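The values are calculated or read from the model by the stated rules, or taken from the named source; none is laboratory data. What you see is a predicted model; the values in this text were computed from it and never measured. Note that each Cβ is placed from the backbone with ideal geometry, even for glycine, and that neighbours are counted across all protein chains shown. Areas reflect the complete protein model, heavy atoms only, side chains present, ligands, DNA and RNA absent. Shrake-Rupley method; radii C 1.70, N 1.55, O 1.52, S 1.80 Å.
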Amino acid sequence: MTDILNIKNVSQFHGLLGLPAPSHPLLSLIKDNEGIDHDALDDGLFNIRFSLEMYSIMYKDKISGSIGYGRNTYDFQEGTLIFSRPGQVLTTPKRETLKGKEGWTLLFHPDLLRKSALGHKMDHYSYFNYEINEALHLSPKEETFILTLVHKIQEESTQNLDQHSQTLIVSNLELLLNYCMRNYDRKFYARTNIHNDFVTEIETALKA
């Protein structure tokens, strides 16, 4: 497993999955249970290393399997969001571990953001970095809200494009990224406080 499959654009990704051409050349929402014949997928797409020249947000739930990302491996036993930026290397699960079909992948090419303010602040969203040691686990309420935003992005990208489409797509995408950032920060803040309280208790006990 030394070679890395490089996927350059949304159309190429669709082609690998046997899907029709995307409605928007720079963005796509791919649902695991719609249009993909998992049993018919080429064996060469499983247990391989690949990189995207795009940003991706993957939601997986109730699937027995895992995906490699940097030095980490994330499982799909809980509802999780996994983020990647262009050029990062991921490893797909083995075919026999894919037992569920609940999930989706949102892909968007950097060219979508080229002339927007969002394009200049993508580094702000730290969850796209390899250094993040865990995926974002969602509560049912968080899942519903995020899925609503994702569907708004999809609806805007699949209807007839006009002079407002770009602005609306990017605005909803930025709202989605900001909401995910807040969830990450809240969970990290809660864990940090719990850890600090635990350390304080230990130090107090040692001094007693």
Among the residues of the stretch 1-21, write down those that are within 18 Å of the chain's Cα centre (by Cα) and part of a loop (DSSP other than H, G, I, E, B). Lys8, Asn9, Leu17
How do the pairs read when you match residues in the stretch 102-119 that are assigned to a strand (DSSP E or B) with residues anywhere that are basic (Lys, Arg), using Cβ under 7 Å and keeping only pairs 6 or more apart or on different chains? Glu102/Lys62; Gly103/Lys60; Trp104/Lys31
Which of the residues spanning the stretch 129-165 are under 20 Å from Met54 (Cβ atoms) and crowded, with 17+ Cβ neighbours inside 10 Å? Ile132, Ala135, Leu136, Ile146, Leu149, Val150, Lys152, Ile153, Gln154, Glu156, Ser157
If I ask for residues that are under 19 Å from Leu27 (Cα atoms), touching a strand residue (DSSP E or B) at 6+ places or on another chain (Cβ under 9 Å) and at pLDDT below 90, which ones from the stretch 159-194 would you list? Leu161
The stretch 44-58, subset in contact with a strand residue (DSSP E or B) (Cβ under 7 Å, 6 or more places away or on another chain) and over 21 Å from His124 (Cβ atoms), residue modelled with the lowest pLDDT: Ile48
Ile36 passes all but one of the listed conditions (1) part of a loop (DSSP other than H, G, I, E, B); (2) open to solvent by 30 Å² or more (accessible area, probe 1.4 Å); the exception is number (2)
Only one of Asp197, Asp123 is modelled with pLDDT of 90 or more and in a helix (DSSP H, G or I); which? Asp123
Return the only residue of Leu106, Leu81, Leu41, Leu27 being at pLDDT 75 or above, open to solvent by less than 30 Å² (accessible area, probe 1.4 Å), hydrophobic (A, V, I, L, M, F, W, C) and touching a Gly at 6+ places or on another chain (Cβ under 8 Å). Leu41
